Number of protein chains: 2
Amino acid sequence: MIEIITIGDEILIGQIVDTNSAWMAVELNNAGFQLSQITSVHDDAELIKSALDLALEKNDIVLLTGGLGPTKDDLTKLTLADYFDTELVYDESVYQNIESLYRTRPSVLNELTKAQALVPKACTVIQNRVGTAPIMWFERDEKVVVSMPGVPFEMKKAMTDEVIPRLMKKFNRNAVINQTVQVFGYGESSLALKIEEWENALPDYLHLAYLPSFGLVKLRLSGALTNGNELQAEIDRQFGLLDEILGDAIIARNDFPLEKNLGEMLRAKKLTIAVAESCTGGNIAHKITSLAGSSEYFIGSVTAYQNEVKENFLGVSSEDLKSYGAVSQQVVEQMAEGVRKKMNTDISIATSGIAGPNGGTEEKPVGTVWIAVSMKDKTISQKYYFGNHSRENIIERSTVSAMILAMELIKGI
Amino acid sequence: MIEIITIGDEILIGQIVDTNSAWMAVELNNAGFQLSQITSVHDDAELIKSALDLALEKNDIVLLTGGLGPTKDDLTKLTLADYFDTELVYDESVYQNIESLYRTRPSVLNELTKAQALVPKACTVIQNRVGTAPIMWFERDEKVVVSMPGVPFEMKKAMTDEVIPRLMKKFNRNAVINQTVQVFGYGESSLALKIEEWENALPDYLHLAYLPSFGLVKLRLSGALTNGNELQAEIDRQFGLLDEILGDAIIARNDFPLEKNLGEMLRAKKLTIAVAESCTGGNIAHKITSLAGSSEYFIGSVTAYQNEVKENFLGVSSEDLKSYGAVSQQVVEQMAEGVRKKMNTDISIATSGIAGPNGGTEEKPVGTVWIAVSMKDKTISQKYYFGNHSRENIIERSTVSAMILAMELIKGI
């Protein structure tokens, strides 16, 4: 088992969100390792040492992130030298690596950065190819402690290129599989009742989890067996049974973000898409374009926050805007049709709603959202109500619902 | 001191990122409490109990999130009943709360949800006004353990309305202040050298941290003193000294996201803004509109992923697109001017670059980004190079740089 210890005051005062651990968990799982615990501690030598003590009692591997910067608040390296009862020594290979990084940088190599070449004598150094803080690999009593930078892209490169391959070599692994289906149209508990019989009949080595997420529920089956093929076959069989129970409510048999499933449908059917956003404010375009290769199917979008933009850029009727208001079936359908025609795409998505916290009325309270999807011969629209949620949450739910509505339309093509 | 224990397999297999803890840390800090540690454990009774044991050794308060769903994988309530040596009893007030929630829901109250009204006899129940899982407050030997749902908006409402006010009442607090300035144009170590003398002269009770973030470095001063006014005055004085050293490089004396600082500048100067995005794909519009009240200054945006959209929606010259390419000074300036004129705003932002991982050339490698900002009498543009970063990272750095360039332009107005 592995424990991750993240080091840094910034996590414990909430200045940053720890996204590293989730990424590491996924990569470690894929390599057959399981996490027992994630622990976040301050930049404090005593706290780091006591967390290490506890982690090494229960685990074979402890991965540390953070606290390796060149400045005084970073204590991890000194603490580890102390913990492993060793001294700091100058490492020429680290210095060479730092120097080569600075060759492509505009700034000058200063003494603080040069000091990054001092490393604990007892560790094996792994070069950090994209940053100045070296990765340090310690071993004691067949257990491994690895210290990596907290900067996400430095940590990710070190994990992928060096740390995980070395861990796989050193430790024997059990086959671990986590697989997910995404279900739309059920609440968590109504879904649980619908699949109760199936759930109760699962073999002991499979574990089911329910993960509600902005109008979707993800169902995850996890298991560990010596025989990975057997495990995979059983998970496939169980998801097959689930298909029979839930049918179309299963919108994907994976844990991909929706924009990826939408993108793959568009690519497979060679369709292009455009987006007209009001309440989602650019979030749908942002989600779609966050994926490499999205330029194959994504043509463009208009964020039409003000009514003039809806009229001038999307051709929405100014009379309808007056009669029905911006948050209406008439307007959202015209937005979808307008952007599709003007950007000359196969399909389009449009949103118009009240994300709040202000701007609601009795007739159209905060959380009221109209969504339309349009193709050449067909435009469909639907009204949603996400009342009582935060602005961020309403934007996110609208984005999810819009992508699902688009996927439903595309399925029929 | 407080420890947060987050409970849920989904965190340890990396299916979700723990955003709750950072939010809780900020709110607790503001109320004068400090976090000692964050621990994430599996949905497993023994692991939960041993984490509780360790946390109660070192802390007066332990806050648990997660594991309170109605389904079988959620074990927190049963585990707590066992840990506090008590039994589950039916609580009529919880049942009434659940029933009232269901009155506004389309779904039917089923037996799994009804079972949420069973609570450990030894706890004080706090009603969850936005979800079915009650909040449970336990006391033992003057220490407090509170269990809350992991669903972020349910946890946030419980913390704000009930848990923090009750903790403030029960525990005496020291004044704790964390304040941040945002510095642009320095790397972490070059900044450290620039302010070395100032840093060395800080009083003992102030702690400085460096937090690099997509081209910015945030400097955070933290301190704890019995006299909060004295602490605040000293932090103000220190930041005043820092102003003299760093001047314009300090772009904000707060920890707000850039879009908030940009938005407040626009609001203060009564300016409107429009955005034309290529490589940022809607992210700038999304960031700006994520804030309540942004419709006061944000008019709209065009995501012009394909060249036709740059021509038809923004009036970019098709000849220039051919001669210079989409990622060029000529095109990005025309994008900025085009969207400003067509949306009739005071200022505008445009981006055009190669976010990768594909699409780079020798002349314009992945990470090359042109950014322009435009107002009536002036358009400025700048070339950036974010090579060697991920797509996500390049999009984020471009977004940050574009907002900073806009803030520089607005300062001069």
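Taking the listed residues A:339, A:369, A:373, A:327, the one that is farther than 21 Å from residue B:288 by Cβ and modelled with pLDDT of 95 or more is A:373, with no other qualifying. The single condition among (1) within 14 Å of chain B (Cβ to nearest Cβ); (2) among the β-branched types (Val, Ile, Thr); (3) buried (at least 24 other Cβ atoms within 10 Å of the Cβ) that residue A:345 does not satisfy is (3). Applying the set (1) in contact (Cβ under 8 Å) with a residue 24 or more places away in the chain; (2) surrounded by 19 or more Cβ atoms within 10 Å (Cβ to Cβ) to residue A:60 leaves exactly one unmet item: (2). Do we find that residue A:382 is without any contact (Cβ under 8 Å) to a residue 24 or more places away in the chain, assigned to a helix (DSSP H, G or I) and within 17 Å of residue A:275 (Cα to Cα) in this structure? Criteria not met by residue A:382.
Of the numbered conditions (1) under 26 Å from the mean Cα position of the chain (by Cα); (2) not assigned by TED's automatic domain parsing to the domain that holds residue B:392, residue B:202 fails exactly one; give the number of that condition. If we test residue B:202 against (1) under 26 Å from the mean Cα position of the chain (by Cα); (2) not assigned by TED's automatic domain parsing to the domain that holds residue B:392, just (1) comes out false.
The C-beta contact set for segment A:261-288 (first residue at the interface with another protein chain (Cβ under 10 Å from one of its Cβ atoms) and over 16 Å from residue B:291 (Cβ atoms), second residue crowded, with 24+ Cβ neighbours inside 10 Å and among the basic types (Lys, Arg), distance under 7 angstrom, 6+ apart or interchain) comprises A:274/A:340. Selection over segment A:75-91 of residues that are part of a loop (DSSP other than H, G, I, E, B) and either surrounded by fewer than 16 Cβ atoms within 10 Å (Cβ to Cβ) or not charged (D, E, K, R) (or both) gives a count of 5. Residue B:72 passes every criterion in (1) surrounded by 15 or more Cβ atoms within 10 Å (Cβ to Cβ); (2) touching a residue at least 12 places away in the same chain (Cβ under 8 Å); (3) not in a helix (DSSP H, G or I) apart from (2).
Only a single criterion out of (1) at pLDDT 95 or above; (2) within 22 Å of residue B:274 (Cβ to Cβ); (3) within 14 Å of another protein chain (Cβ to nearest Cβ) is not satisfied by residue A:332, namely (3).
Would you tally the residues in segment B:17-37 being closer than 21 Å to residue A:4 by Cα, within 7 Å of another protein chain (Cβ to nearest Cβ) and more than 13 Å from the chain's Cα centre (by Cα)? Here the count works out to 2. Can you tell me which residue within segment A:161-203, out of those that are of a type in the set (A, V, I, L, M, F, W, C) and within 12 Å of another protein chain (Cβ to nearest Cβ), is farthest from residue B:15 (Cα to Cα)? Across segment A:161-203, the extreme among qualifying residues is A:193.
Residues of segment B:291-310 that are over 13 Å from residue B:259 (Cβ atoms), in contact (Cβ under 8 Å) with a residue 24 or more places away in the chain and surrounded by fewer than 21 Cβ atoms within 10 Å (Cβ to Cβ): B:296 alone. Going by what's in this entry, would residue B:6 be described as crowded, with 22+ Cβ neighbours inside 10 Å, among the β-branched types (Val, Ile, Thr), in contact (Cβ under 8 Å) with a residue 60 or more places away in the chain and at negative phi? Criteria met by residue B:6.
Return the only residue of B:146, B:130, B:94 being within 30 Å of the chain's Cα centre (by Cα) and either in contact (Cβ under 8 Å) with a residue 60 or more places away in the chain or in a helix (DSSP H, G or I) (or both). Within the list B:146, B:130, B:94, the selection yields B:146. Cβ-Cβ contacts under 6 Å between residues 6 or more apart (or on different chains), taken from a first residue in segment B:169-196 that is among the β-branched types (Val, Ile, Thr) to a second residue that is assigned to a strand (DSSP E or B), are listed as B:176/B:224; B:177/B:223; B:180/B:218; B:180/B:220; B:181/B:219; B:181/B:250; B:183/B:217; B:183/B:250. In this structure, does residue B:321 turn out to be surrounded by fewer than 22 Cβ atoms within 10 Å (Cβ to Cβ), without any contact (Cβ under 8 Å) to a residue 40 or more places away in the chain, closer than 16 Å to residue A:355 by Cα and touching a Lys or Arg at 6+ places or on another chain (Cβ under 8 Å)? Against the criterion (surrounded by fewer than 22 Cβ atoms within 10 Å (Cβ to Cβ), without any contact (Cβ under 8 Å) to a residue 40 or more places away in the chain, closer than 16 Å to residue A:355 by Cα and touching a Lys or Arg at 6+ places or on another chain (Cβ under 8 Å)), residue B:321 does not qualify.
Under the condition of being of a type in the set (A, V, I, L, M) and under 20 Å from residue B:395 (Cβ atoms), the residues counted in segment A:267-309 number 10. Among the residues making up segment B:391-413, those that are within 14 Å of chain A (Cβ to nearest Cβ) and in contact (Cβ under 8 Å) with a residue 12 or more places away in the chain are B:391, B:393, B:394, B:395, B:396, B:397, B:398, B:399, B:402, B:403.
The values are calculated or read from the model by the stated rules, or taken from the named source; none is laboratory data. Predicted model only: the values in this text are computed from it and were never measured. Quick reminder, even Gly has a Cβ in these numbers, built from the backbone with ideal geometry, and neighbours come from all protein chains shown.
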